[in-house]
Every structure is written in C-alpha cells, then in structure tokens.
Amino acid sequence: MKWNNKWLAGALSLQILLGSSIAFAEQPAAEKYRSIIQSGNFYVEYGPKGWGLRDYVVAQNGVRMSGLKLEKMFGTTGYPAVRYENGKYYKFVNKGTVKRDEEIANKEWKSYQNYESYQDAVVVSDTYNNAIVRTGGMRSFDVGFFGGISGGGEYPKKTTGVVLEESNLNNPYLNPDAHWEKVRARLSLPAALKIFAYNDPYMGHEYGENEPVFTESGQVEDNGKQRICDKYTSVLKDNKGNVKAEMLYTAIYDEKGNLYKINKVCKINGKVLPVDELEIVTITDVLPEKAIDMPKSKIYAADTGTITDLLKNPTLVEEIK
Amino acid sequence: MMKKILMAGAVSMLLASSSAMAGQLDTYKNMLANKQCTIKYEYIYQDERDKFVTDINRYVMKYTAKSETEEKPNFAGVIVLSGDNSYTERELGPNHYCEIKKDGYVYPFKRFETDKGIKYQGNKEGQHGILAFGAPSDNKVEAHPVNDLRELRYGNEYGGGEIATMLDVIYKDETALRPGKVYWLAASGSLSSGLTYEDYQWAGANGDVDLIRYYFNQGALTKIASVHYVKKSDGSVSGKHYVVNIKEFSSVPDENYLKLPEALKDVTKYDKEGK
C-alpha cells in the first residue's frame with residue numbers, strides 16, 4: 001500500500017510537471033526568431049510605428065547592413081547607414097542618417113539646456129550597446145528649435161558613402177571625427193534582442209552580464225489589452241560571482257502570436273529601473289526587395305590623413321548606379 | 001654565512017624603508033573607504049591642443065559660442081563625502097556645477113556669480129524655454145532618485161574623469177562591475193625640494209602606460225600629477241598630462257555643502273514612503 005501511494009504521488013507530480021511545462025513554455029515564435037537570427041539571413045525592423053524614423057538591420061550571406069526607415073504620409077523610404085561586406089566597412093550619409101543625428105543632437109541639447117545630472121544618461125536609454133539604440137525605442141515629437149527650423153531643408157539629396165578596409169580599422173591616422181570605432185556597434189541588433197541573439201557576433205555585452213534565461217510565460221496588460229508575454233532574466237554578476245542586479249526582459253506577443261514589444265527593466269537594490277522599451281516591427285527571414293543591395297551612391301575612400309584627404313579631395317573608389 | 005645575514009639584513013631594511021615611504025596614502029585611503037572627507041582641488045589641464053569637443057558639441061556649436069567648447073579649461077572643484085551622501089562641484093568660469101546626493105536623491109543645480117551677488121539655478125524644466133515669457137522658474141530643483149544601475153556599472157565617479165581615476169588609485173571601489181585599471185606602487189622616494197612622492201603605474205597589453213605621482217609635504221597630500229601614454233598601432237606614442245593641486249583633503253566632511261541652498265526651492269515629488 002505504501003509503495004502504491006508513492007507511485008501515485010510520483011505519477012501525479014510528473015503530470016503536474018508536464019502540465020506546467022506546457023502551460024508556461026516559451027511562445028513557439030521565440031524559437032523561430034532565434035533560428036532566423038542564427039541563420040544569418042534576416043531582416044529586423046524596430047522602433048516606434050507610425051510617421052518618423054525607425055531602424056533596421058539586414059543580413060544575408062555574410063553581408064550585413066543597418067539603416068533607417070523614414071515613414072511619411074506617402075510611403076516609406078529606406079536609408080542605409082552602415083554596411084559590412086567582404087572585409088570592408090561602408091558608412092553612408094543621406095537624409096535618414098542626418099535626421100537621426102539631429103534627433104540625437106536635439107536630445108542632448110535639451111538635456112544640456114535643462115542641466116540634467118550626469119546620472120541621467122544611463123537610465124533614460126540603454127546606451128551601452130549601441131549608439132543607435134539611444135533613440136531606437138523612443139521617439140520624442142518635441143523637435144527642438146534648432147532641429148525644427150534651421151535644420152529643415154538641409155538634407156542631402158543623394159546617398160554618398162565612405163569605405164574602409166577592416167584591416168585599416170586601427171589606423172592611427174583615421175579621421176577621429178568619423179568614429180570608425182563605432183562602426184561595428186552600429187551594425188548590431190538592439191540590446192533588448194539579447195533574448196534571441198545574445199551570441200550574435202556584433203552584439204555588445206555589458207560588464208558581468210549573463211545570457212538571458214527564460215523564466216516563465218504569463219499575461220501582461222499593454223495599452224489596455226491583455227497580452228501573452230514571455231519573461232527572461234539576465235543577471236549581472238561581479239567578479240566574485242555575486243549577483244548584483246537582474247535585467248528583466250518581457251517579450252510581449254500580439255493575438256497572432258507575433259512579437260511586437262520588449263520591455264527591459266533592471267531590478268537593483270529592491271528598486272525597479274526602466275532601461276529600454278523596444279517596439280519590434282518585424283523579424284523575418286524573407287528579405288524585402290533590394291534591402292541588402294548596395295545603395296546607389298558614390299563611394300569614396302575613408303579619410304586616413306593622406307594628401308588628397310588634406311586637400312578635401314577624397315578618392316572616388318566606386319560608383320554604384 | 002656572514003654574507004647571507006648581511007644580505008638578509010639589507011633586504012629587510014630595504015623592505016622596511018620602502019613600506020614606511022609607501023604608507024603615506026593610507027590616511028587618505030581610510031578617508032575614502034569610510035566615505036568621510038572634504039576635498040578641494042584645482043585641476044590643471046596641460047594639453048592645450050587637445051580639443052574638448054564631442055560630436056554633439058560640434059553639431060550644436062553652429063549655434064552657440066564656439067570658444068566655450070573649444071578648449072578644456074582648468075577648473076577648481078569640491079568633493080564632500082559623508083557616508084552615502086555626497087557633494088560634488090566643478091567650477092567652469094563663473095558657473096559652479098553642483099550636485100548634492102542625499103538620502104537616495106540627486107539634486108543638480110548651478111551656482112553663478114553675477115554683479116548682484118551669488119545666484120542659483122535649479123534643473124527644473126522650462127526655465128530656458130524660448131517661449132517662456134512669464135517669470136523664469138530658475139530657483140527650483142527637482143531631485144531624481146540615485147541611478148543605482150549606473151553606480152553598479154561604473155562605481156562612484158566622484159569628480160568625474162581624471163579626478164575619479166586619481167581617487168580610484170587611492171581607494172578602489174570594488175563594488176563596480178567595470179573592472180577598471182589596476183595600478184601598483186612602482187616607486188617612492190623624496191625630492192630635493194623636501195617633498196616625498198609615491199608613483200603608481202598601470203600598463204596595458206599593447207604598450208599603453210599610465211603613471212600617477214602623489215606628492216606629499218610632511219605626510220600631507222599636496223599635488224597629484226599623471227601621464228597617460230597610448231601606443232598606436234604604427235608604433236607612435238601619444239600622451240596626456242594632468243596636474244591636480246590639492247588645497248584641502250581632510251577627514252571632516254563639511255556638512256554645509258550637503259544642505260540645499262536656501263535660495264533654491266525643492267519641488268521634488270517624493271515617493272509615498274518619503275525621502
């Protein structure tokens with residue numbers, strides 16, 4: 001009889017375990033996203049929906065590109081910003097990149113005007129990974145005085161590019177204003193996508209960070225609607241192995257089972273600090289038409305302090321028509 | 001046998017003398033470890049050609065006075081630590097950028113000298129608004145909670161930049177996740193001027209070197225000088241050089257600095273739990 005009881009209890013607990021694992025498993029789409037990103041052929045678009053700038057990262061056959069999508073009243077235009085292909089990095093200047101620089105400058109200008117504390121810089125946006133992420137998840141419609149009036153109508157009409165060999169990345173004579181050291185970070189996926197792409201070669205990692213681990217599924221209210229969500233936890237450990245803080249990711253899915261938002265907060269000293277809120281537009285392995293193509297542009301050699309650079313007469317490397 | 005004893009004696013004497021010389025920073029180490037001190041310093045930036053211009057400055061510079069951002073000026077500063085509360089100040093021209101950290105909140109404000117005396121300006125938004133025709137709300141401060149995540153990542157960077165590094169060598173905040181540079185005592189001795197010194201060094205993997213020298217006048221820290229050499233991939237070396245004069249470094253925190261000036265109104269919306 002005793003044995004019977006034990007067996008029964010075992011069977012029951014096994015059933016509970018199985019049941020719970022079904023009820024609280026990761027969304028099926030999560031594994032799909034993971035394999036899409038891992039395959040190296042993907043198109044990821046993120047940023048606020050609606051009019052304005054969004055970011056995208058596209059990769060295919062070892063070529064990787066990131067850029068901006070500008071959605072206007074009539075249609076959306078893509079503006080490539082950075083590209084890696086065959087051991088060469090490309091940087092482009094066009095309306096999209098200039099607009100993004102303006103967004104960042106306006107934000108900095110505003111915080112300078114309001115004399116924000118040095119402490120503000122980190123909580124507002126997760127700047128660690130990527131300069132683009134700064135405004136990737138949040139858009140302010142408050143266009144500053146300078147950006148709105150003086151900045152208007154000064155956008156370049158055509159895309160131009162500069163190219164640099166990968167081996168030249170540490171060249172001491174590179175123009176420091178070009179910030180070639182940031183070029184890899186600008187090809188990375190947004191930091192919140194670490195739940196699927198932690199080991200992506202371009203992904204940056206912060207001190208003591210560990211890979212996010214799936215903890216549970218649940219329901220969360222977003223914009224007044226009940227949504228299904230997956231929760232992930234990534235711990236920050238010091239060099240003695242003590243857990244100092246937890247990064248909590250909440251991946252929120254819509255009714256069709258597609259990911260549309262990732263919230264990232266930091267749990268530290270009993271407080272919860274918001275870190276990032278990322279709107280995902282699409283993660284797909286079907287690349288939009290011409291998304292990976294080299295933009296029509298004139299491409300010049302990067303400024304490495306040669307005599308032609310000093311004369312402001314850079315060498316034309318190629319012209320893509 | 002005699003030789004061996006002599007050798008041992010010489011070695012032990014050497015060790016003893018070097019440790020006696022090297023202990024001079026310990027007083028200051030304790031002050032920083034206990035977080036009880038008042039530091040007043042003057043920062044002298046030696047490399048005039050090193051431009052103090054960021055990307056953003058460059059963009060904004062079109063519209064603002066260029067000279068302000070052109071060169072990193074010398075400045076004076078104050079650091080007061082009293083437990084978890086602190087006060088930091090940097091003087092840039094007529095402006096003193098101040099920050100009080102108290103009971104888990106940070107109060108940033110600006111103090112500046114005018115013809116009519118000392119004035120204060122808080123961080124409250126809207127003060128500079130171009131369309132703000134009404135009375136400017138200059139004298140309001142809205143504190144924000146201490147950014148624990150930032151402190152976990154980078155530690156307490158009192159004074160910021162070079163000052164923070166120099167204090168870090170005296171006492172390293174081990175709680176920060178950023179590993180930071182590890183300096184070691186490289187040399188110590190006395191100078192013909194009567195001052196004694198301690199040299200701390202750091203060496204990077206690719207040939208970068210930092211050296212920081214602490215000068216003491218009869219055991220009191222009076223000056224810190226540092227050089228930073230970066231070795232570039234083509235073998236050339238570029239360097240930076242800073243000097244900090246220590247006007248005061250005492251173990252008594254000046255509590256007056258930790259009070260919000262009366263001219264400033266605290267408009268913080270605190271949590272229900274209170275401060």
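The values are calculated or read from the model by the stated rules, or taken from the named source; none is laboratory data. These numbers were taken from a predicted model, which means no experiment stands behind them. Every residue, glycine as well, gets a Cβ built from its backbone with ideal geometry; the counts of neighbours run over all protein chains shown.
Below is a table of values for the structure above.
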quantity: Set B:Glu151, B:Glu162: member being more than 24 Å from A:Lys267 (Cα to Cα) and in contact (Cβ under 8 Å) with a residue 12 or more places away in the chain; calculated: B:Glu162
quantity: Condition met for B:Val169 (more than 11 Å from chain A (Cβ to nearest Cβ) and either in a loop (DSSP other than H, G, I, E, B) or touching a residue at least 60 places away in the same chain (Cβ under 8 Å) (or both)); calculated: no
quantity: Of residues in the stretch A:247-261 being away from every other protein chain (no Cβ under 11 Å) and under 25 Å from B:Leu177 (Cα atoms), the one surrounded by the fewest Cβ atoms within 10 Å (Cβ to Cβ); calculated: A:Leu248
quantity: Residue identified as closer than 30 Å to B:Glu142 by Cβ, among the hydrophobic types (A, V, I, L, M, F, W, C) and in contact (Cβ under 8 Å) with a residue 12 or more places away in the chain among B:Leu264, B:Leu221; calculated: B:Leu264
quantity: Residues satisfying the stated conditions in the stretch A:161-179, i.e. within 13 Å of another protein chain (Cβ to nearest Cβ) and in contact (Cβ under 8 Å) with a residue 12 or more places away in the chain; calculated: A:Ser167, A:Asn168, A:Leu169, A:Asn171, A:Tyr173, A:Leu174, A:Asn175, A:Ala178
quantity: Any hit, the stretch A:219-233, residues being out of contact with any His (no Cβ under 7 Å at 6 or more places or on another chain), surrounded by 12 or more Cβ atoms within 10 Å (Cβ to Cβ), part of a strand (DSSP E or B) and within 14 Å of chain B (Cβ to nearest Cβ); calculated: no
quantity: Any hit, the stretch A:195-207, residues being loosely packed, with under 15 Cβ neighbours inside 10 Å and more than 14 Å from chain B (Cβ to nearest Cβ); calculated: yes
quantity: Residue within the stretch A:279-302 that is of a type in the set (Gly, Ala, Ser), more than 22 Å from A:Ile36 (Cβ to Cβ), in contact (Cβ under 8 Å) with a residue 40 or more places away in the chain and in contact with a Phe, Trp or Tyr (Cβ under 9 Å, 6 or more places away or on another chain) present; calculated: yes
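To keep it simple, each residue is scored yes or no on (1) more than 21 Å from B:Glu262 (Cβ to Cβ); (2) modelled with pLDDT of 85 or more.
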| position | (1), (2) |
| --- | --- |
| B:Asn95 | no, no |
| B:Val106 | no, yes |
| B:Phe109 | no, yes |
| B:Gly122 | no, no |
| B:His128 | yes, no |
| B:Gly134 | yes, no |
| B:Ala143 | no, yes |
